[in-house]
Amino acid sequence: MSALILHPDGSYVVEAMPRADALLGYLQNAVGGYIERVRIHHLSVDMILNEEGLIHDLPVNPTATRIWEAEHWVGLGQIRGTVVFLASLELED
């Protein structure tokens with residue numbers, strides 16, 4: 001399985017996912033802190049982001065924000081920092 005890591009400047013990288021026992025650390029390292037999962041149903045992916053992105057004044061991630069707004073409502077906020085996209089089936093509820 002792979003993860004797409006999307007940076008605020010629009011650059012991205014696709015990486016192989018680590019083993020299940022190393023997944024939390026991998027995601028926390030990728031986003032730079034505690035993680036929050038946001039489901040993007042219309043794309044069948046989960047967007048993993050830094051749950052304290054606003055508090056830490058991370059840079060706005062315009063691409064991730066547009067993806068989030070397509071699923072939810074425009075104008076409710078901005079996604080900040082690096083995000084990781086995973087196929088929804090890779091994470092359990």
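Just to make sure I understand: if all protein chains stay in place, what is the order of VAL14, VAL45 by accessible area at 1.4 Å, largest first? Walk me through the intermediate numbers first.
Working: VAL14 90, VAL45 30 Å².
Of VAL14, VAL45, the descending order of accessible area is VAL14, VAL45.
Report, please, the projected area of segment 1-89 averaged over directions, based on the convex hull of its C-alpha atoms, in nm².
Average of the hull's projected areas for segment 1-89 equals 5.4 nm².
Just the number, please: carbon plus sulfur as a percent of the accessible area of the chain, 1.4 Å probe, no ligands or DNA/RNA counted.
For the chain, the apolar C and S fraction of the accessible surface comes to 56 percent.
Can you give me the distance in nm between label points at GLU71 and HIS56, each placed 7 Å from the Cα along the Cα-to-Cβ direction?
It works out to 2.0 nm between the two label points.
Calculated from DSSP H runs of 4 or more alone, at -39500 (n - 2.57) each and per residue, what is the 222 nm mean residue ellipticity of the chain, nearest 500? Don't skip to the end; give the middle numbers.
Numbers: 2 runs with 19 residues, N = 93.
Roughly -6000 deg cm²/dmol at 222 nm, from the helical runs in the chain.
Any idea what the relative contact order of segment 27-80 is, in percent, if you count C-alpha pairs under 8 Å spaced at least 6 apart?
On the way: 63 pairs, mean separation 16.7, N = 54.
Once normalised by length, the contact order is 31 percent.
Expressed as a rounded percentage, what relative contact order does the chain have, with Cα pairs under 8 Å and six or more residues apart? Walk me through the intermediate numbers first.
Values: 162 pairs, mean separation 32.6, N = 93.
Averaging sequence separation for qualifying contacts and normalising by length gives 35 percent for the chain.
If we count chymotrypsin sites (Phe, Trp or Tyr not before Pro) as exposed when they sit in a DSSP loop and have at most 15 other beta carbons within 10 Å, what is the longest stretch of the chain that avoids them all?
On the way: sites that count: TYR34, TRP73.
By the stated rule (loop sites, at most 15 other Cβ atoms within 10 Å), 35-72.
What do you get for trypsin sites (Lys or Arg not before Pro) in segment 1-52 restricted to DSSP loop and a cutoff of at most 11 other Cβ within 10 Å of the site's Cβ?
Numbers: sites: ARG19, ARG37, ARG39; in loops: ARG19.
Hits after loop and neighbour filter: ARG19.
With each label point set 7 Å from Cα along the Cα-Cβ vector, what nm distance links ALA20 and ALA87?
Between ALA20 and ALA87, the simple spin-label model gives 1.6 nm.
Under the rule a/c < 1.5 gives rounded, and otherwise a/b versus b/c splits prolate from oblate, where does segment 44-86 land using the Cα gyration tensor? List each step's numbers first, then the result.
On the way: a/c = 2.01, a/b = 1.22, b/c = 1.65.
Oblate.
Give the angle, between 0 and 90 degrees and rounded to the nearest 10, that separates the Cα long axis of helix 62-71 from the longest principal axis of the Cα atoms of the chain.
The two axes meet at around 90 degrees.
Taking a probe of 1.4 Å, how large is the accessible area per residue of the chain, in Å²? Intermediate values should be presented prior to the final figure.
Details: 5720 Å² over 93 residues.
Ligands and nucleic acids excluded, the figure is 62 Å² per residue.
The values are calculated or read from the model by the stated rules, or taken from the named source; none is laboratory data. Because the structure is predicted, anything quoted here is derived from the model rather than measured. Cβ: placed from backbone, ideal geometry, glycine included. Neighbour counts: every protein chain shown. Side chains included, ligands, DNA and RNA excluded: accessible areas come from the protein's heavy atoms. Shrake-Rupley method; radii C 1.70, N 1.55, O 1.52, S 1.80 Å.
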